[in-house]
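Notes to accompany the following structure.
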Amino acid sequence: MAMKVLVGCKRVIDYAVKIRVRPDKLGVVTDGVKHSMNPFDEIAVEEAVRMKEKKLAKEIVVVSCGPAQSAETIRTALAMGADRGIHVEVPADQMALLQPIHVSKIMAKLAEKEAADVVLLGKLAIDDDSNQTAQMTASLLDWPQGVFASKVEKKDSQLEVVREVDGGLETIKINLPAVLSADLRLNEPRYATLPNIMKAKKKKVAKMTPGDLGVDVTPRIEVLTVEDPPVREAGQTVSDVEELIGKLKDKGFSS
Amino acid sequence: MFSLTNRLRQVASPAAQLYRCQSTLVVAEHNNEKLNPATLHAITAAKQLGGEINCVIFGSQNTAAIAKEVSGVEGISKILVAENAAFEGFLPEKLTPILLASQEQFKFTHIVAGASAFSRSLLPRVAAKLDVSPISDIIGVKDAETFVRTIYAGNAIMTLKSKDPVKILTVRTTAFEAAATSGGSGAVEDLAASADMPAISEYVGQELTKSDRPDLGSAKVVVSGGRGMKTGDNFKMLYDLADKLGAAVGASRAAVDAGMVPNDMQIGQTGKIIAPELYIAVGISGAIQHLAGMKDSK
């Protein structure tokens, strides 16, 4: 009984870019800065595609909430192997205040509309570092969650999920339908090949707004400031191991 | 009559109500044997919020001993205990309904826990049902509604005000001192609230790394290895060094991905975030995402 998988992906500032705080101290500079799919979401998309290749999934629908450019993020997911896309349009200037609580409501509504069996999200987005959306989506749907997943296997009518937790690994079994969030080691995402990128242009992408889904995206927070972290004192280079040991002993660290 | 109306208006003012009823619930974390120190750091953050502080302990066994540890902490009013075999594995699907029932009973204004895999799994689930936006990994409390947290792997610091009526927060343990475990006189009572627990998830087991070394999250000295170590066997040099220094051993993502060491040693944006007195990095390039996990080292 192949599953329908709904995968979320977010367009974020590329992980290798050096962030600059805006002069108005209310955000970071995003104009003209390289953006890409959130790395954890690439892993989520990859997992969905592998499920389809193993015939566990029959259809992959990829969702992204964001401005016009999020269409590129969706296309990347389609090129990796997703079947069709849903672009929930949110203007660029509202993105900083679009939070997991809003996105989870959108994902939950879409999961119901699409009759999804699995919702697959990235563990966290590297811009707001929240790590909440999958948990909140699961909660709204009253579905179980397999978050920080490093391995997912279908066992009869359940999913067995190995999760990365503070002390090591934890294994749980959850009923379907379920929400999962991908951790770093779940898989290594593929690069989209050129033929697949071309094919992706023909795949359907539906457009809608949060309002079309009955979701209110009124911000729940007010950003007071965004600032640079405190500057550290410059470090010292030492010339040899003896000097290093000497300095450590001076500071009170010794064996 | 006029003065009575005036007093009624004062009582009805939202600010006055908020202050008078301000009450924080700290969700304790433990492993059925000992209290997790993360809870002590969360209690310090809770104290900075002002208002009454209560603590809840869920567990499948031995909760009385955990409650005893918590009762040693000064400044806690009530320690609520809920012991149930169903809480084995601390499954968030099972804990959420009963946390919501407690919220219904006590109407806390703040729900707080130390940031960890446990609280990150549980608190957002609770927040979704209460229709509030949880705030992850705070590093500072400005007042009962205003918090500080990092974004972009610690490369920017945001101060934000929450507009929600209940604030649900996870607290970065390295940003707050651990509360002292003596001088307390909190009253321990059984949690009266109960709730149906869905049977949609099962806890199968854990594979925890056992070590005699200090806990990575709280060690004063940490020796860390990265891709430059080349093999897991080479990590022996770091383990030996760590033993001489009484240190814990950590690793970068590259070392974990390469299978040199287990995942619970990972330090970084999505691994552990630590702030030891001394951090020794060996064979680590210093990518932004790794620095995010250790740049507060003294």
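Computed from the coordinates by the stated procedures, all read-outs in this text should not be read as laboratory data. Everything numeric here is computed off the predicted structure, so don't read it as measured data. Backbone-built Cβ (ideal geometry, glycine too); neighbour counts: all protein chains shown.
The table below gives the values:
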{"quantity": "For A:V152, A:V28, order by how many other beta-carbon atoms lie within 10 Å, fewest first", "calculated": "A:V28, A:V152"}
{"quantity": "Degrees, to the nearest 10: B:92-106 long Cα axis against longest axis of chain B", "calculated": "30"}
{"quantity": "Most mobile of A:M136, A:M37, A:M208 in a GNM of chain A (Cα contacts under 10 Å)", "calculated": "A:M208"}
{"quantity": "Cα-based helix-to-principal-axis angle, B:117-130 vs chain B, degrees rounded to 10", "calculated": "30"}
{"quantity": "For B:I138, B:I288, B:I57, order by how many other beta-carbon atoms lie within 10 Å, fewest first", "calculated": "B:I288, B:I138, B:I57"}
{"quantity": "Total charge dipole magnitude, chain A, about the Cα centre, Cβ charges on Lys, Arg, Asp, Glu only, Debye to nearest 20", "calculated": "1140"}
{"quantity": "Backbone N within the range B:150-166 under 19 Å of label point (7 Å from B:D257 Cα along the Cβ vector)", "calculated": "B:153-154"}
{"quantity": "In the range B:14-86, trypsin sites (Lys or Arg not before Pro) in a DSSP loop with at most 16 other beta-carbon atoms within 10 Å", "calculated": "B:K34"}
{"quantity": "Charged-residue dipole, Cβ positions (Lys, Arg, Asp, Glu), the protein assembly as shown about Cα centre, Debye nearest 20", "calculated": "1300"}
{"quantity": "For the range A:78-152 versus the range A:176-242, the gap between their alpha-carbon centres in whole angstrom", "calculated": "11"}
{"quantity": "Size of electric dipole in the range A:140-255: Cβ of Lys, Arg +1 and of Asp, Glu -1, about Cα centre, debye, nearest 20", "calculated": "1040"}
{"quantity": "B:A65 versus A:A68: modelled label distance in nm, points set 7 Å from Cα along the beta carbon direction", "calculated": "6.3"}
{"quantity": "Chain lengthening between B:A187 and B:T146 when straightened (0.36 nm per residue, less Cα-Cα)", "calculated": "11.8 nm"}
{"quantity": "FRET efficiency, 1/(1 + (r/R0)^6) with R0 60 Å, evaluated for A:V223 and B:N32 via beta carbons", "calculated": "0.90"}
{"quantity": "Helical segments meeting 15 Å axial Cα length and Kyte-Doolittle 0.0 threshold in chain A (DSSP H)", "calculated": "A:70-80, A:100-113"}
{"quantity": "Distant-in-sequence amide H partners of A:K4 (H built 1.01 Å from N, under 5 Å)", "calculated": "A:K58, A:D117, A:V118"}
{"quantity": "Amide N proximity, the range A:22-64 versus A:S157 label position 7 Å along Cα-to-Cβ, cut-off under 19 Å", "calculated": "A:56-58"}
{"quantity": "Cross-link pairs beyond the 24 Å C-alpha cut-off, checked among B:K142/B:K163; A:K154/B:K129; A:K25/B:K107; A:K10/A:K204; A:K123/A:K173", "calculated": "A:K154/B:K129; A:K25/B:K107"}
{"quantity": "Ranked list, fewest to most other Cβ atoms within 10 Å of each Cβ, for B:L122, A:L141", "calculated": "A:L141, B:L122"}
